[in-house]
Structure formats: C-alpha cells, structure tokens
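Below is one structure; the comments refer to it alone.
The values are calculated or read from the model by the stated rules, or taken from the named source; none is laboratory data. Since this is a predicted model, take the numbers as computed values, not measurements. Every residue, glycine as well, gets a Cβ built from its backbone with ideal geometry; the counts of neighbours run over all protein chains shown. Calculation scope for accessible area: heavy atoms of the full protein, side chains included, ligands and nucleic acids excluded. Shrake-Rupley method; radii C 1.70, N 1.55, O 1.52, S 1.80 Å.
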Amino acid sequence: MVFRTPIRSLLYWSPSVICIAHTVSVKQISGRSMQPTLNPDTSAWRDIAVFDQFSTHIMRPCRRDDIVALRSPVDSKRMLVKRIVALEGDLVKTRPPCAEQEVRVPPGHAWIEGDEPFRTDDSNLFGPVPLGLIESRLMFIIWPLNRFGSLAVHIPKDRSSPAFRRAMDQLQKEKIRHSRVVAAIDSGSIHSSDS
C-alpha cells in the first residue's frame, strides 16, 4: 500500500510531463549576436529563455520579428538563436558580407539575422534558411530575474534615464530593420507590429 500512491501519482502526471517536454524547451543563450536584445552588456548573466517548440510548426507559422532557435545550415550540430527578418517572397536589402544588394526569399525559406550586425553569422553569410531548420520560437526570458518576461519594448517615463535611451535605440533599430524589407503581397505572415 505504501508504494501505490507515488506510483499512481507518477502514472497520472507522466503524460503531462511528456507533453510539456515536447512543447517547450529552456535554453541558455550564449554569444553576443543578439545584443542588446539578448545577453546585453548591462547584465552580468547569460539569458535563459523558454522556447515554444509546438506552435512553431503546428499552431502559428513563423512571423517576421520572431526570435527563433534553429539548426545552423552550415553545421547541423550548432544551434543558432536569430531573428526572422523576412519570409518567402519578401525582398530584403542585405548587409555585408552578402555579395548581393537584395535577395528575394525563396518559397519555404526565411531570412534570419542577429540584432548585432558585426557579431553574427546569419543569412547575410549563408543566405536564406529552410523553415525546416527552425525548431522553436522564443517566448520569454526566465533568467536573470531582472529581465524576466517578454521581450516587448517598455518605454520608461523618465526621459533622462539610460533605460529610456536604450528603449528608443531599440525602437530605432526595429524601424531600420523593417525599412530593409519589402513584404510579399501574397505572404500570409504579417509584421508583429501589425498583429
């Protein structure tokens, strides 16, 4: 009788644990390619974030501005965390070292970039990536605690604070990133600012 309760609890909760294990993952983000969005210099810790594996391919297709975890197209053992800048049919103005000034993203692909252009290996180096390489979408940061939550830009009321200047800089970078993309007319995905 003593062992029945723990075994029953284990059997009862195991489907939930298995389901959660296949729908979300927790990843520590290393590197500086997504600064200042992830791993900012103002933090002494590497960001740890929850990624959604389930809805990325089943419930909601990838959208522009999503931050995703994907397998590197040049080294399948390496996992990358980048931002989706453009989707199939979109015309994107590239950055160095890309040899072409503009690239039309082919069907079934996305154009991914790091937020820090001088410290990233991204589509400007290896071109558009197949959507099949995308494994999950960043949902929110869980560590460090002072960065807990979503990555939405919060604009402080105190205009003289460094946080206000960082928020304005982030919004300016977002505006520049959007200006480099001409969205396909028939694309089903929309800018996150439109949703």
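Of Gln101, Ser43, Val85, which is farthest towards the positive pole of segment 24-189's charge dipole, taken about the Cα centre with +1 and -1 on the beta-carbons of Lys, Arg and Asp, Glu respectively? Selected residue: Ser43.
Summing Cβ point charges (Lys, Arg +1; Asp, Glu -1) relative to the Cα centre of segment 93-195 gives a dipole of roughly 480 debye. Averaged over its residues, segment 24-189 has an accessible area of 56 Å² per residue, based on protein heavy atoms and a 1.4 Å probe. Computed 3J(HN,Hα) for segment 64-70, one whole-Hz value per residue from the Karplus formula 6.51 cos²θ - 1.76 cosθ + 1.60 where θ = phi - 60°, is 4, 6, 5, 9, 10, 9, 8, glycine and proline marked x.
Tell me the net charge near Trp143. Cut-off is 10 Å between Cβ atoms, Trp143 excluded, with +1 for each Lys or Arg and -1 for each Asp or Glu.
Details: positive: Arg46, Arg147; negative: Asp47.
Computed value for this residue: +1.
In loop segments of segment 111-154 as defined by DSSP, the trypsin sites (Lys or Arg not before Pro) with at most 12 further C-beta atoms inside 10 Å of their C-beta are Arg119. Across segment 24-189, C-alpha contacts under 8 Å between residues 6 or more apart give a mean separation that, scaled by the residue count, equals a relative contact order of 26 percent.
The residues Ile176, Ile141, sorted by heavy-atom accessible surface at 1.4 Å with ligands and nucleic acids left out, run Ile176, Ile141 from largest to smallest.
Between the DSSP loop rule and a limit of at most 15 other Cβ atoms within 10 Å, which trypsin sites (Lys or Arg not before Pro) in segment 29-76 are left?
Taking segment 29-76 and a limit of 15 other Cβ atoms within 10 Å, the loop trypsin sites (Lys or Arg not before Pro) found are Arg46.
Straight-line reach from Lys173: taking Cα to Cα under 29 Å and skipping same-chain neighbours fewer than 8 places apart, the lysines in range are Lys27, Lys82, Lys93, Lys157.
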